[in-house]
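*Asks:* Structure provided below as structure tokens; questions to follow.
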Amino acid sequence: MAEKIGVYVCHCGHNIAAVVDVEKVAQYAGTLDNVVIARDYKYMCSDPGQELIKNDIRELGLTRVVVAACSPRMHEPTFKAALERASLNGYLLEMANIREQCSWVTENTQSATEKARSLVRGAVRRVYYHRPIEERVVPVNKATMVVGGGIAGIQAALQIAEAGHKVYLVEREASIGGQMAKFDKTFPTMDCAACILTPKMVAVAQNPNVELLTYAEVQHVEGYVGNFTVTVKQKPRYIVEDLCTDAVTVLPLVF
Ligand code: SF4
């Protein structure tokens, strides 16, 4: 089945239209393969702008949509939702950024318009090959592993733990603290390094959400985001941790 593509070129008030000849871009879009409708409109993200797209999807049976406007970081979710409200899969959308990449980077109407035409041509070509995607919700293990118990690892572990998530903090030495534990003062404030580090070492050791694995090294990682399996090798300590009543109070894993 031949795809039916709709192209919508936004003025963004004067943001785009003051530099890019949006009418020309829309006219050009109308000549491209599989484009059945090409319009320009003052504010595509406004309610009437979105209505234009939705009506065309319903009335013209559009199967793909290109919006030439601002960065997709700004309004891709807006237009994706508009497609879905008109019963078209939201992934059948492509955006051409003719604001940040055209009108905001030159005052030359001819070159901005030429580039906008080129971006729209590319977007029309690309959207032709889009496939609908169904979103799925999958269970995610929110536990996090931080590898390296220096000041950066300690701080990261603390912040994640304080956000309520389980953290495994893996350190290959017998104690956390890393290089900072060896310094006297820290640049640029020349604060006492131990005064900054030791409270954090204690906090991380005492946080119930943090599981410290010192004298340990990551051997193997497999899986993917939200579903990792990590093999950690913990070296022998020659001590029964539960029976150690001395060093455990301040730094439980320094033996
Ligand atoms: S869609 Fe983007 S470019 Fe168009 S009016 Fe809205 S913010 Fe401006």
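The values are calculated or read from the model by the stated rules, or taken from the named source; none is laboratory data. Please read these numbers as outputs of a predicted model, since none were measured by experiment. Here Cβ is always computed from backbone atoms with ideal geometry, including for glycine, and neighbour counts include all displayed protein chains.
*Asks:* Scan region 26-37 and give yes if some residue there is at pLDDT 95 or above and within 13 Å of the ligand (Cβ to nearest atom), otherwise no. Working first, answer last.
*Replies:* To start, the set of residues in region 26-37 that are at pLDDT 95 or above comprises 26-37.
Now restrict to residues that are within 13 Å of the ligand (Cβ to nearest atom): none.
The answer is no; no qualifying residue exists.
*Asks:* Let me ask something else. Return the only residue of Glu94, Glu84 being crowded, with 24+ Cβ neighbours inside 10 Å and charged (D, E, K, R). Working first, answer last.
*Replies:* Working: Glu84 fails: crowded, with 24+ Cβ neighbours inside 10 Å.
Among Glu94, Glu84, only Glu94 is crowded, with 24+ Cβ neighbours inside 10 Å and charged (D, E, K, R).
*Asks:* Separate question: For region 5-43, give me each residue that is assigned to a loop (DSSP other than H, G, I, E, B) and polar (S, T, N, Q).
*Replies:* As a first pass, look at region 5-43 and keep what is assigned to a loop (DSSP other than H, G, I, E, B): 11-13, 18-21, 30-34, 42-43.
Selection gives Thr31, Asn34.
*Asks:* Looking only at region 156-180, which residues are closer than 18 Å to Lys142 by Cα and of a type outside the set (A, V, I, L, M, F, W, C)? Quick ask: steps written out before the conclusion?
*Replies:* Step one: filter region 156-180 for residues closer than 18 Å to Lys142 by Cα, giving 156-170.
Hits for region 156-180 are Gln159, Glu162, Gly164, His165, Lys166, Tyr168.
*Asks:* Take the residues in region 57-73 that are surrounded by fewer than 22 Cβ atoms within 10 Å (Cβ to Cβ) and within 16 Å of the ligand (Cβ to nearest atom), then tell me which one is farthest from Met95 (Cα to Cα).
*Replies:* Arg73
*Asks:* Quick one: Ala2 ticks every box in (1) surrounded by fewer than 17 Cβ atoms within 10 Å (Cβ to Cβ); (2) modelled with pLDDT of 95 or more except a single one, so which number is it?
*Replies:* Result: Ala2 passes all but (2).
*Asks:* Would you please list the contacts, defined by Cβ atoms under 9 Å and residues six or more apart or on different chains, that run from a residue in region 37-50 that is at negative phi to a residue that is near the ligand (Cβ under 7 Å from one of its atoms) and of a type in the set (Lys, Arg)?
*Replies:* From residues that are at negative phi, there are no pairs.
*Asks:* Continuing with this model, one more query. Can you confirm whether Asp21 is touching a residue at least 12 places away in the same chain (Cβ under 8 Å) and of a type outside the set (A, V, I, L, M)?
*Replies:* Details: touching a residue at least 12 places away in the same chain (Cβ under 8 Å): yes; of a type outside the set (A, V, I, L, M): yes.
Considered against the rule, which asks whether it is touching a residue at least 12 places away in the same chain (Cβ under 8 Å) and of a type outside the set (A, V, I, L, M), Asp21 comes out as yes.
*Asks:* From the list Gly13, Gly6, Gly30, exactly one residue is out of contact with any helix residue (DSSP H, G or I) (no Cβ under 9 Å at 6 or more places or on another chain) and either among the basic types (Lys, Arg) or over 23 Å from Trp104 (Cβ atoms) (or both). Which is it?
*Replies:* On the way: Gly13 fails: either among the basic types (Lys, Arg) or over 23 Å from Trp104 (Cβ atoms) (or both); Gly6 fails: out of contact with any helix residue (DSSP H, G or I) (no Cβ under 9 Å at 6 or more places or on another chain).
After ruling out the rest, the residue left standing is Gly30.
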